[in-house]
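J.: Supplied in structure tokens, the structure appears directly below.
The values are calculated or read from the model by the stated rules, or taken from the named source; none is laboratory data. Computed from a prediction, not measured in an experiment: that's the story for all the values here. Glycine gets a Cβ as well: all are built from the backbone with ideal geometry, and neighbour counts include every protein chain shown.
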Amino acid sequence: MIVGIGALAAFSASIAQRTLLQGVESQVRLVGQSAAISIATWLDGRQRLLDGLADAIQSTGADAGVERLLRSKALTDSFSPVYFGRQDGAFIREPSARMPEGYDPRKRGWYESAVAEKRLVLTKPYISASSGKLTLTIARPVAGAGDMAGGVAGWPAPTSTCRG
């Protein structure tokens, strides 16, 4: 009889453990799905703003218009910094910052990737030339218009920005 009670207790403990593990796995899966949805929503909003910026830059046709666009409240509330690297190597950044000597946006991964892909891109992590921090960039090529050279619009997001 004692053996039977012991077997029943072991069986019950096994079932309880399995049920608990299934519950924990389910909760972890739900948290992961929720985090993925939050990240996708966050990224989508920034991609849409950058698309709008790139379209607006293309339609301005002048560098003065680009600087005004980069300072717009809609962008500065969501992006800081934001920049435009031109095909001729000029670099417009808001807020402005001192870049390293010889800085050429055309030689940066974000610029090269956007030009090669001919579409909006999200870079792999890299070390930012201005901040020295690990960074991701959303970048999009912009065709030239009027007296303005084309180039690439971008928003660098330090990886700390991507944490929840």
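J.: Filter region 107-135 down to residues that are within 17 Å of the chain's Cα centre (by Cα) and charged (D, E, K, R) and give me whichever is modelled with the lowest pLDDT.
T.: Lys133
J.: With the requirement that a residue be more than 18 Å from the chain's Cα centre (by Cα) and either buried (at least 18 other Cβ atoms within 10 Å of the Cβ) or in a loop (DSSP other than H, G, I, E, B) (or both), what does region 65-84 give you?
T.: Val66, Leu69, Arg71, Ser72
J.: Considering only residues that are acidic (Asp, Glu) and more than 20 Å from Val115 (Cα to Cα), which ones fall in region 56-102?
T.: Hits for region 56-102 are Glu67, Asp77, Glu94, Glu101.
J.: Which pairs turn up if I take residues in region 36-53 that are over 19 Å from Thr159 (Cβ atoms) and in a helix (DSSP H, G or I) and look for partners that are of a type in the set (S, T, N, Q) and modelled with pLDDT under 80 with beta carbon separation below 9 Å, at least 6 apart in sequence or on another chain?
T.: Taking only residues 6 or more apart or on different chains, the pairs are Leu49/Ser78.
J.: Restricting the search to region 54-64, which residues are surrounded by fewer than 16 Cβ atoms within 10 Å (Cβ to Cβ) and in contact (Cβ under 8 Å) with a residue 60 or more places away in the chain?
T.: Answer for region 54-64, where residues must be surrounded by fewer than 16 Cβ atoms within 10 Å (Cβ to Cβ) and in contact (Cβ under 8 Å) with a residue 60 or more places away in the chain: Ser59, Gly61, Ala62.
J.: Kindly check whether there is at least one residue in region 23-40 that is modelled with pLDDT of 75 or more, surrounded by 10 or more Cβ atoms within 10 Å (Cβ to Cβ) and polar (S, T, N, Q).
T.: no
J.: Moving on. Mind telling me which of the residues Leu50, Leu69 ends up being at pLDDT 75 or above and out of contact with any strand residue (DSSP E or B) (no Cβ under 8 Å at 6 or more places or on another chain)?
T.: Result of the check over Leu50, Leu69: Leu69.
J.: Could you grab the pairs with beta carbons closer than 8 Å, sequence gap of 6+ or different chains, first residue in region 116-131 and touching a residue at least 24 places away in the same chain (Cβ under 8 Å) and over 19 Å from Asp51 (Cα atoms), second one polar (S, T, N, Q) and not in a loop (DSSP other than H, G, I, E, B)?
T.: Listed by first residue and then by second, the contacts come to Pro125/Thr135; Pro125/Thr159; Ser128/Thr135.
J.: Now, a different point. Would you mention how many residues in region 65-111 are in contact (Cβ under 8 Å) with a residue 40 or more places away in the chain, farther than 16 Å from Pro156 by Cα and either among the β-branched types (Val, Ile, Thr) or touching a Ser or Thr at 6+ places or on another chain (Cβ under 8 Å) (or both)?
T.: The qualifying residues number 1.
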